[in-house]
Amino acid sequence: MTAHAVEPKPVVPPMPERNPKALRAAVAQHAPQLLPDFDEHWKWAVADAYDISTVPAFMARWWGEYAIARDPDLDAHMADLYHRATESTDIAEAEALLEEASTIRYRVRDLEPGQ
């Protein structure tokens, strides 16, 4: 009988410091698929707008995006929720799936640096 190697569960990196520079570095390192959208959003919402008052909204959005993307299991679960909601022919089921996704997004916004 041969033993099967068990794949180690990926380590979820901690949340970075709560500032745009640290968040961008974390995105680049742990969720590089988000980087083009992150940079494009920064450019039009903050840099080109010459308006730092938009930074809190920018950070809130990308804090949650990164929190989900850094965890492969959570990212897959969110994708599954959205996929099942779009495929559902039962409005109550679709609403429940989207409500679960919304609850997760709401919960990750409260993560602190290092968590």
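Values as computed for the structure displayed
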| item | result |
| --- | --- |
| Alpha-carbon Rg/Rh ratio, for the chain, with Rh computed the Kirkwood way | 1.07 |
| All Cα pairs of the stretch 16-70, percent lying beyond 13 Å | 54 |
| Contact order normalised by residue count of the chain, Cα under 8 Å, 6+ apart, percent | 32 |
| Simple spin-label estimate for D75 and K9 in nanometres, 7 Å along Cα-Cβ | 1.8 |
| Order by protection proxy (mean Cβ within 10 Å, highest first), peptides 46-59, 100-113 | 100-113, 46-59 |
| S88 paired with R107, simple spin-label distance in nm, labels 7 Å along Cα-to-beta-carbon | 1.7 |
| Simple spin-label estimate for T54 and E100 in nanometres, 7 Å along Cα-Cβ | 3.5 |
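Readers should treat all values here as calculations from the given coordinates under stated rules, not as data from a laboratory. Bear in mind the structure is a predicted one, so any value in this text is a computation, not a measurement. Don't worry about glycine lacking a Cβ; one is built from the backbone with ideal geometry, like all the others, and counts go over all protein chains shown.
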